[in-house]
1. How about region 38-62: which of its residues are more than 19 Å from Ala91 (Cα to Cα), touching a residue at least 40 places away in the same chain (Cβ under 8 Å) and open to solvent by less than 60 Å² (accessible area, probe 1.4 Å)?
2. Anything in region 5-37 that is in contact (Cβ under 8 Å) with a residue 12 or more places away in the chain, hydrophobic (A, V, I, L, M, F, W, C) and open to solvent by 60 Å² or more (accessible area, probe 1.4 Å)? List them, or say none.
3. For the structure I just gave you, tell me whether Val60 is modelled with pLDDT of 90 or more and outside any strand (DSSP E or B).
4. Is it the case that region 82-94 has a residue that's over 26 Å from Ile14 (Cβ atoms) and not basic (Lys, Arg)?
5. Take the residues of region 29-57 that are hydrophobic (A, V, I, L, M, F, W, C) and out of contact with any Leu (no Cβ under 7 Å at 6 or more places or on another chain): which is modelled with the lowest pLDDT?
6. Could you run through region 89-106 and say how many residues are loosely packed, with under 13 Cβ neighbours inside 10 Å and part of a helix (DSSP H, G or I)?
7. Within region 63-78, which residues are farther than 18 Å from Glu40 by Cα and surrounded by 10 or more Cβ atoms within 10 Å (Cβ to Cβ)?
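The values are calculated or read from the model by the stated rules, or taken from the named source; none is laboratory data. Please read all numbers here as calculations on a predicted model, not as lab measurements. Counting neighbours? That spans all protein chains shown, and the Cβs are built from the backbone with ideal geometry, glycine included. Each accessible area value is taken on the protein alone, full model and side chains, heavy atoms only, with ligands, DNA and RNA left out. Shrake-Rupley method; radii C 1.70, N 1.55, O 1.52, S 1.80 Å.
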Amino acid sequence: MKIQIFDSITKENIIREATSEEIADITSTAISSSDRKLEEVRFQRNVRLQETDYLANSDVTMPDNIKTWRQSLRDIPANHTDENAYNLLLARNDAGELTHSIWSKP
């Protein structure tokens, strides 16, 4: 089973094989698959919002395309409400990169 972790030092998401302890923790939790996927979607959204938070400073003029993109990211939970939508948002290519267009910074 593959898991994704965020390395706060390199600021990169790392995909690796889960240890047996991690698999036990994942499978023993009462969280539904849909809830786990929504949690991952929110994590991915928050990472991207944090990457552009500096543009929200009062001494920086945020471009309109970034404002629109950030609003789209904030609207994800309201606009994507079922497991099929989460699957589309979390789809990855062979390199492990998210493929949905909403994740691409304009």
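1. Thr52 - this is the single residue of region 38-62 that is more than 19 Å from Ala91 (Cα to Cα), touching a residue at least 40 places away in the same chain (Cβ under 8 Å) and open to solvent by less than 60 Å² (accessible area, probe 1.4 Å).
2. Phe6, Ile15
3. no
4. yes
5. This residue is Ala30.
6. 1
7. If the condition is that a residue be farther than 18 Å from Glu40 by Cα and surrounded by 10 or more Cβ atoms within 10 Å (Cβ to Cβ), then Pro63, Asn65, Ile66, Lys67, Thr68, Trp69 are the ones that fit.
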